[in-house]
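Below are the structure tokens for one structure; questions will follow.
Coordinate-derived values only; no laboratory data. Remember, it's a predicted structure, so these values are computed and weren't measured experimentally. Reconstructed Cβ throughout: ideal geometry from the backbone, glycine too, with neighbour counts over all protein chains shown.
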Amino acid sequence: MAVEKFEPTTNGTHPDALHSALHADASIDVDAALKELDVLALLDDLNRELVGLEHVKARIRELAYFMLVDRLRHRAGLTRVAPTLHMCFTGRPGTGKTTVALKMATILHRLGYLPQGHLVVATRADLIGQYVGHTAPKTREVLKRAAGGVLFLDEAYHLYRPDNQRDYGREAIEMLLEAMENRRDELVVIFAGYKEKMHRLFEGNPGLYSRIAHHIDFPNYTLPELMLIAELMLSQQMYHWDFHAQAAFEQCLRPCLSLSYFANAREVRNAIDRIKLKQAQRLVRQAGRISKQELARIDASDVRQSWTCESSIDVQDRIGEPRSRQRLSTPTVPPARLGLFSWWRWPTLL
Ligand SMILES: Nc1ncnc2c1ncn2[C@@H]1O[C@H](COP(=O)(O)OP(=O)(O)O)[C@@H](O)[C@H]1O
Ligand SMILES: [Mg+2]
């Protein structure tokens, strides 16, 4: 039985096109293909770098395996129909949609489905003009930039405004549909946004819905997942926190989860940026010589001081306590739903 080596190429042409069909009794080494294309390494990176999102990872793995087998089939001379790879990622802000889209672009490139594999992020304002004749050139320009890679349409539901008959969104959607259908070999479009709002976009544009093969939902992160994300971000930046800082962070974060505008992992990233700022102030105030250990260490006061009252306005409003009193108040009996040590009750200036 003949066993042929799987040969990827890096010059942009589809590698399989370089080979003629295999004999009926020939075989292809799947392990070698996985290894040579580095697909497993990419999937492992995805697992390591992203906390949770198990079903999203499973869907991506499924797709990657399908694409690999599709390539092997082509390589073996079996029929191949270019798969539809356009996708829709639904979920609240900070749930990892853009991050996963970036990984997806790399995987699609590595597996030979996209010649370049870059990601172009665009919103309504990039595609749609304010006046007659402005939308087509804008949309064309974005499609040109995205050619060879992934076009990520953030908050894509804004493209469609059913209440405005003269909105130019329709024109842009028509052009997108045309590109999605006719340029499948060089462009993948990912629509992203809140689930409910995306439904409205698809209801108004059924042709769009049917051209999207993969709908993936990104749920909100749980508190333990957000804590793991915080730890991952800290260790990637070579910081670490002690038990007290970790506990303070969890107490600060818990009530935020119920805010309507809570931005999941992005909120954690912003909080860590603020904490690093406070740590630096503490170290400079402390003066003298600082050990390497100290440069990396975050303590509980850094966390508490970094938590701005601004991010808790919503919670405070719901509780009905004026902010001026909040700042001065010491912990009393907090509402049960906010937990015992509600961070918004800590004095801002410790
Ligand atoms: N599961 C996760 N594990 C680790 N970091 C994450 C995860 N999800 C999101 N992040 C980080 O949170 C930030 C916001 O994520 P992003 O992909 O921009 O969210 P979205 O596009 O859904 O608004 C990024 O810095 C990203 O790396
Ligand atoms: Mg995003």
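Please report, in debye to the nearest 20, how large the charge dipole of region 3-218 is about its Cα centre when each Lys and Arg carries +1 at its beta carbon and each Asp and Glu carries -1 there.
500 debye
Further, regarding this structure: Express in nm, to one decimal, how much length is gained between L259 and A287 on full extension, taking 0.36 nm for each residue of separation and deducting their alpha carbon distance.
6.2 nm
Something else now. Rounded to the nearest 0.05, what FRET efficiency do V30 and L277 give with R0 = 45 Å and r taken as the Cβ-Cβ distance? Could you check?
With a Förster radius of 45 Å, E is 0.35.
Moving to a separate point now. Distance check, please: which entries in K138/K197; K57/K138; K97/K138; K103/K197 exceed 28 angstrom between their Cα atoms?
Cα-Cα > 28 Å for K57/K138; rest within.
Return the long-range amide H neighbours of V189 (sequence gap of 5 or more, or a different chain), with a cut-off of under 5 Å between placed amide H atoms.
Placed amide hydrogens put H86, M87, L151 under 5 Å from V189.
What shape does region 144-247 take by its C-alpha gyration tensor, where a ≥ b ≥ c are the square roots of the eigenvalues and a/c under 1.5 counts as rounded, a/b above b/c as prolate, and the rest as oblate?
Cα axes put region 144-247 in the prolate bin.
Then there's this: Just subtract the alpha-carbon distance of R200 and E186 from 0.36 nm times their residue separation and send over the number in nm, one decimal.
Full-extension gain reported as 2.2 nm.
In nm, to one decimal, how far is the modelled label at A247 from the one at L40, with both set 7 Å along Cα→Cβ?
Going from the A247 label point to the L40 one covers 4.3 nm.
Over all Cα pairs of region 3-218, how is the pair count split among 10 Å bins, expressed in % and running from 0 up to the last occupied bin?
It works out to 8, 32, 33, 18, 7, 1, 0, in whole percents.
Follow-up. Under the rule a/c < 1.5 gives rounded, and otherwise a/b versus b/c splits prolate from oblate, where does region 231-275 land using the Cα gyration tensor?
Oblate.
Just to verify a number: FRET efficiency for F66 and Y209, C-beta to C-beta distance, R0 = 25 Å, to 0.05?
Efficiency, rounded to the nearest 0.05: 0.75.
Test of understanding: what is the full-extension gain from L295 to D126, defined as 0.36 nm times their sequence separation minus their Cα-Cα distance?
So the extension gain works out to 56.6 nm.
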